[in-house]
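Enquirer: Okay, here's the structure, questions in a sec.
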């Protein structure tokens, strides 16, 4: 067996529980946190947030603004239509 293959086996074993199933990291899941933070970083770096913010500002300042503010207040109050 090659050294590389042994390293891969060791990594696979360390990420699995006693019975060969993936470990449940539970609350505070570090893997999920790392993936989420990486996704947010990529999104922010892509510039997509700035474009969406600019569009939202234009919408609020347009004729649609009053309707958007009513919808926001309704959502904040928890009231259903």
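Enquirer: When residues of region 68-81 are filtered for being out of contact with any helix residue (DSSP H, G or I) (no Cβ under 8 Å at 6 or more places or on another chain) and surrounded by 11 or more Cβ atoms within 10 Å (Cβ to Cβ), how many remain?
Expert: Residues in region 68-81 being out of contact with any helix residue (DSSP H, G or I) (no Cβ under 8 Å at 6 or more places or on another chain) and surrounded by 11 or more Cβ atoms within 10 Å (Cβ to Cβ): 3 in total.
Enquirer: With the condition being modelled with pLDDT of 90 or more and either surrounded by 10 or more Cβ atoms within 10 Å (Cβ to Cβ) or touching a helix residue (DSSP H, G or I) at 6+ places or on another chain (Cβ under 9 Å) (or both), I'd like the helices (runs of 4 or more DSSP H) fully within region 1-62 carrying at least 1 qualifying residues.
Expert: 30-46, 48-61
The values are calculated or read from the model by the stated rules, or taken from the named source; none is laboratory data. The structure displayed is predicted, hence computed values, not measured ones. Methodologically, a virtual Cβ is constructed for each residue, glycine included, from the backbone with ideal geometry; neighbour enumeration extends over all protein chains shown.
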